[in-house]
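Engineer: If you scroll down you'll find the structure; I have some questions about it.
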Amino acid sequence: MGACKTMTNPSRRALVVRGGWEGHSPVEITDLFLPFLKDAGFTVDTSDTLDVYTDAERLAATDLVVQCWTMGEVTPGQSAGLIAAVRAGTGFAGWHGGVVDSFRGDLDYQRLTGGQFLMHPEGYHDHRVHIVPGHELVAGIEDFDVHTEQYWVATDPAIEVHATTVFPAGEEHGREVVMPAVWSRHHGAGRVFVNTIGHKPDDFDVPEARVLTERGLLWASR
């Protein structure tokens, strides 16, 4: 059985669910954001088990779920519990494979997130993140550069895209392809935020990547 532990005790409640493939450093990267959530007034609990998604009472009392769980299997009950909580108003947010490369066989979960990882070019490379203006999440943020994985994703047309990256023309696609990189959506009464950047901890040393994610966590919260 996994353990859950309380980090602090102010007003709003955040639940950080972390595990799955260790290549995405789920504990190390989520730990980067725990002080931020605490300073923003959240009680922060962490869970290393997906069974927490079957606790309807606990999720109903949670304002924000932050997930970093790459691949893995989710049971129908766990998936349904998470989705029902978000539909009722609990926020859901995450980054990179911890949210869009989770539970690959669960179509309902993919509908919740609004996107699914399909591939990335081998290794890390420099690429530019282009801001899509017009939303409070990106106010004052300019285009910025990162050196990390670039995700190719399949996305729901109902998402609101806040940043994109460009894949140059190649053998598989004969023209440039503009790819969503940061987006949000509503799911019932809940809000969902996704940032595809975040393969490794130092991705968040880029100030714009860090600020976008922090804003997304607050925006998604009830």
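The values are calculated or read from the model by the stated rules, or taken from the named source; none is laboratory data. Every value quoted in this text rests on a predicted model; they were computed, and no experiment measured them. Ideal geometry is used to build each Cβ from the backbone, glycine not excepted, and the neighbour counts take in all protein chains shown. Side chains included, ligands, DNA and RNA excluded: accessible areas come from the protein's heavy atoms. Shrake-Rupley method; radii C 1.70, N 1.55, O 1.52, S 1.80 Å.
Engineer: Give the residue that is most open to solvent (accessible area, probe 1.4 Å), with candidates limited to residues of the range 144-163 that are free of Cβ contacts under 8 Å to residues at least 40 places away in the same chain and closer than 16 Å to residue 215 by Cα.
Structural biologist: Looking at residues that are free of Cβ contacts under 8 Å to residues at least 40 places away in the same chain and closer than 16 Å to residue 215 by Cα, I get 160.
Engineer: Follow-up question, since we're still on this one. Scan the range 27-49 residue by residue and report those that are within 17 Å of residue 99 (Cα to Cα), open to solvent by less than 10 Å² (accessible area, probe 1.4 Å), assigned to a helix (DSSP H, G or I) and not aromatic (Phe, Trp, Tyr).
Structural biologist: If the condition is that a residue be within 17 Å of residue 99 (Cα to Cα), open to solvent by less than 10 Å² (accessible area, probe 1.4 Å), assigned to a helix (DSSP H, G or I) and not aromatic (Phe, Trp, Tyr), then 29, 30 are the ones that fit.
Engineer: So which of 111, 104 is farther than 23 Å from residue 37 by Cα and not in a helix (DSSP H, G or I)?
Structural biologist: Being farther than 23 Å from residue 37 by Cα and not in a helix (DSSP H, G or I) holds for just one of 111, 104, which is 104.
Engineer: Could you tell me which residue of the range 164-190 is surrounded by the fewest Cβ atoms within 10 Å (Cβ to Cβ), considering only residues that are of a type in the set (Gly, Ala, Ser) and within 24 Å of residue 222 (Cβ to Cβ)?
Structural biologist: 189
One line per residue, one yes/no per condition, for (1) under 16 Å from residue 159 (Cβ atoms); (2) among the aromatic types (Phe, Trp, Tyr); (3) open to solvent by 30 Å² or more (accessible area, probe 1.4 Å):
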residue: 60; (1), (2), (3): no, no, yes
residue: 71; (1), (2), (3): no, no, yes
residue: 77; (1), (2), (3): no, no, yes
residue: 82; (1), (2), (3): no, no, no
residue: 85; (1), (2), (3): no, no, no
residue: 90; (1), (2), (3): no, no, no
residue: 97; (1), (2), (3): no, no, no
residue: 113; (1), (2), (3): yes, no, no
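Engineer: Go through the range 95-139 and count every residue that is at pLDDT 95 or above, of a type in the set (Lys, Arg) and more than 18 Å from residue 213 (Cα to Cα).
Structural biologist: Looking only at that region, the number is 1.
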